Amino acid sequence: MPIKSFFAKIYANRVAKKTYRWANDPIKTQEKVFMELISQAKDTTFGKDHHFEQIKTHKDFIKQIPIRDYEDLKPYVERVKKGETDVLWPGKPIYFAKTSGTTSGTKYIPITKESMPYHVEAAKEALLFYIYHTGNAQFVDGKMIFLQGSPELEEKNGIKIGRLSGIVAHFVPGYLQKNRLPSWEANCIDDWETKVDTIVQETLKEDMRLISGIPSWVQMYFERLIEVKKEKVGEIFPNFKLFVFGGVNYEPYRKKMENLIGRKVDSIELFPASEGFFAYQDLPNPTNNPNQGMLLLLNSGIFYEFIPADQFYDSNPPRLTISEVKLGLNYVMIVSINAGLWGYNVGDTIAFTSLKPYRIIVTGRIKHFISAFGEHVIAKEVEQALQEACVNTSVKINEFTVA
C-alpha cells in the first residue's frame with residue numbers, strides 16, 4: 001500500500017472519532033461556542049454598542065442583537081476596511097472574502113485568524129470521513145484538481161482581499177502540493193474560457209483521481225476535455241473515482257455529469273460560504289441519496305440560530321437554537337461567527353434530515369421563497385418537480401425561471 005494512503009487511513013480514523021465526540025454532545029458544544037464568542041468580542045466596538053457584558057443567555061442575545069443582513073452590518077465593515085481595529089472582532093481580519101451580492105453589490109466578508117483554520121480543516125475532514133467510512137484512500141496517491149477562483153489577492157490597510165476559493169488556495173497542505181492541479185499560473189488566469197482550456201491541457205495526460213468544484217464549472221471542464229479527446233471523462237481518467245462539489249444543488253446536474261463521465265462516481269457534498277464552512281457530507285453516499293444530509297459543524301466557531309422560513313418576514317419571528325429545531329421543516333439559517341458577524345442572515349434555507357447527529361440539506365434561498373397566496377413554495381420543491389418531469393419524459397432542461 002502506498003505510504004500516503006496508508007497514513008491517510010490512520011489519520012481519518014482519528015479525525016472521525018474526535019468529530020463524533022462533539023457531534024454526540026451538540027447542545028453543550030453550541031453553548032460553549034456561544035459563550036466564547038461573547039467573551040472574546042465584548043470589548044469590541046460592536047460588543048460595547050450591543051452591551052455584550054449583559055449577555056448571559058440566548059434570550060439576552062436576542063434582546064441585544066437584531067437579525068442583520070450585509071447592508072445592516074455594512075457601516076461596521078466600512079470602518080474595518082478603513083483600517084480601524086477591534087470593530088467587529090478583536091484586532092483586524094486577515095482577509096476579506098469578496099462576494100457578489102444580489103442586492104448589496106460587492107460584499108466584503110471578514111475572515112480572521114480564528115476563523116480561517118475552520119475553512120481549511122472542514123474540507124480536509126470531509127475527505128477523511130470518506131476514507132474512514134469506505135476505506136478508499138487511493139485518490140491521495142494520484143492527482144487532484146480543485147477548480148477555483150484566482151489566488152491572486154489585493155491588499156488594503158493591511159487586509160488581503162480576494163475570492164474565498166482563491167484565499168483557500170494559499171492553505172493547501174504541503175503533502176498535497178505535488179498532487180494538486182491546476183498549476184499556480186493556470187489558477188491565476190482571470191478569463192474563465194482561457195483558464196479552462198489551459199487546465200484541460202495541463203490535466204489531459206495526468207492520473208486524475210479526485211475532481212472538485214462548483215458543478216457548472218466542472219461541467220464546462222468536462223465538456224472541453226471531451227471536445228479535445230473525443231472520449232468520455234471516465235475513459236480519459238480511468239482512476240477518477242471521487243467528485244467533490246458544493247455551492248449549488250447538484251441534483252439538476254447529476255444526470256448530465258454522469259453522462260459526461262460515462263459512469264457513476266462517488267461524490268461528497270460540501271456547504272462552504274464566505275461567512276463560514278457550515279457542513280459537509282460525513283457519510284458515504286453510494287446510492288447518491290440527496291436527502292441524506294450533511295453534518296452541521298457545531299464546533300467551528302459558529303453559533304447557529306434558525307427561523308422557520310414561513311415566519312421569517314413576521315414582525316417578531318422566533319429565533320431557535322439547535323435544541324429547538326425539528327426534522328423536515330424549512331429554516332432560514334442565522335449565524336454569529338468568530339470573524340465578527342452577529343445575528344447574520346446568510347440567506348440560505350435548510351432542513352434537518354437527522355437530529356442525532358444534526359445533519360442538514362440546503363433547500364434554497366429565502367429570496368427564492370414564493371408565497372404570494374400562502375403556497376410556501378421553495379426552490380428545492382421546484383427543482384424536484386422539474387427533475388421528476390425530466391425522468392418521466394424526454395424533456396431536458398438547461399435553465400429555468402420561476403415567477
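The values are calculated or read from the model by the stated rules, or taken from the named source; none is laboratory data. These numbers were taken from a predicted model, which means no experiment stands behind them. Glycine gets a Cβ as well: all are built from the backbone with ideal geometry, and neighbour counts include every protein chain shown. Accessible surface is based on the protein model in full, side chains and every heavy atom, while ligands, DNA and RNA are left aside. Shrake-Rupley method; radii C 1.70, N 1.55, O 1.52, S 1.80 Å.
Which cross-chain or sequence-distant (5 or more) residues have an amide H under 5 Å from the amide H of Lys107, H modelled 1.01 Å from N in plane?
Counting only residues 5 or more places away or on other chains, the set is Thr99, Ser100, Gly101.
Using the C-alpha gyration tensor of the range 1-134, what are the square roots of 5 times its eigenvalues, in whole angstrom, with the largest one first?
Equivalent ellipsoid of the range 1-134: 35, 21, 13 Å, largest first.
What's the extension gain from Lys74 to Glu154 if we count 0.36 nm per residue and subtract their Cα-Cα distance?
26.8 nm
Report the FRET efficiency, 1/(1 + (r/R0)^6), for Thr85 and Ser315, where r is their Cβ-Cβ distance and R0 is 25 Å, rounded to 0.05.
Efficiency, rounded to the nearest 0.05: 0.10.
Using a 1.4 Å probe and ignoring any ligands, DNA or RNA, find the accessible area of Thr363 and quote it in Å² to the nearest 10.
So the heavy atoms of Thr363 present about 10 Å² to solvent.
Please report the antiparallel percentage of the DSSP beta bridges confined to the chain, to the nearest 5.
The antiparallel fraction comes to roughly 65 percent.
Between Ser394 and Lys18, what is the label-point separation in nm under the 7 Å Cα-to-beta-carbon projection?
With each label placed 7 Å out from Cα toward Cβ, I get 5.6 nm.
Helix-only mean residue ellipticity at 222 nm, the chain, DSSP H runs n ≥ 4 weighted -39,500 (n - 2.57), per residue, nearest 500. What is it?
Rounded to the nearest 500, it is -11000 deg cm²/dmol.
Mind checking the dipole of the chain: about its Cα centre, +1 per Lys or Arg Cβ, -1 per Asp or Glu Cβ, Debye to the nearest 20? Display every interim value, and only then the final one.
On the way: 50 positive and 48 negative charges, 208 e Å.
Once rounded to the nearest 20, the dipole reads 1000 debye.
Based on the Cβ-Cβ distance of Lys178 and Lys230, what FRET efficiency does E = 1/(1 + (r/R0)^6) give at R0 = 30 Å, to the nearest 0.05?
0.50
As an exercise, use a Förster radius of 30 Å and the Cβ-Cβ distance of Glu185 and Phe7 to find the FRET efficiency, rounded to the nearest 0.05.
0.50
Largest first and in whole Å, what are the equivalent-ellipsoid semi-axes of the chain based on the Cα gyration tensor, each being the root of 5 times an eigenvalue?
34, 25, 22
Accessible area per residue of the range 107-168 at 1.4 Å probe, in Å²?
Per-residue accessible area for the range 107-168 comes out at 38 Å².
Regarding the range 107-241, what whole-number volume in Å³ per residue does the convex hull of its Cα atoms give?
127
Can you pull a Stokes-Einstein diffusion coefficient for the range 197-311 at 10 °C (1.306 mPa s), Rh from Kirkwood over Cα pairs, as a whole number of µm²/s?
So the translational diffusion coefficient is about 101 µm²/s.
What's the extension gain from Lys326 to Val382 if we count 0.36 nm per residue and subtract their Cα-Cα distance?
Going from the current span to full extension adds 17.9 nm.
Give me, ordered by chain and number, the residues 5 or more places off Phe240 or on other chains with an amide H under 5 Å from its own placed amide H.
none
Suppose the chain between Asp49 and Ile62 were pulled fully straight at 0.36 nm per residue; how much longer would it get relative to their current alpha carbon spacing?
Going from the current span to full extension adds 3.2 nm.
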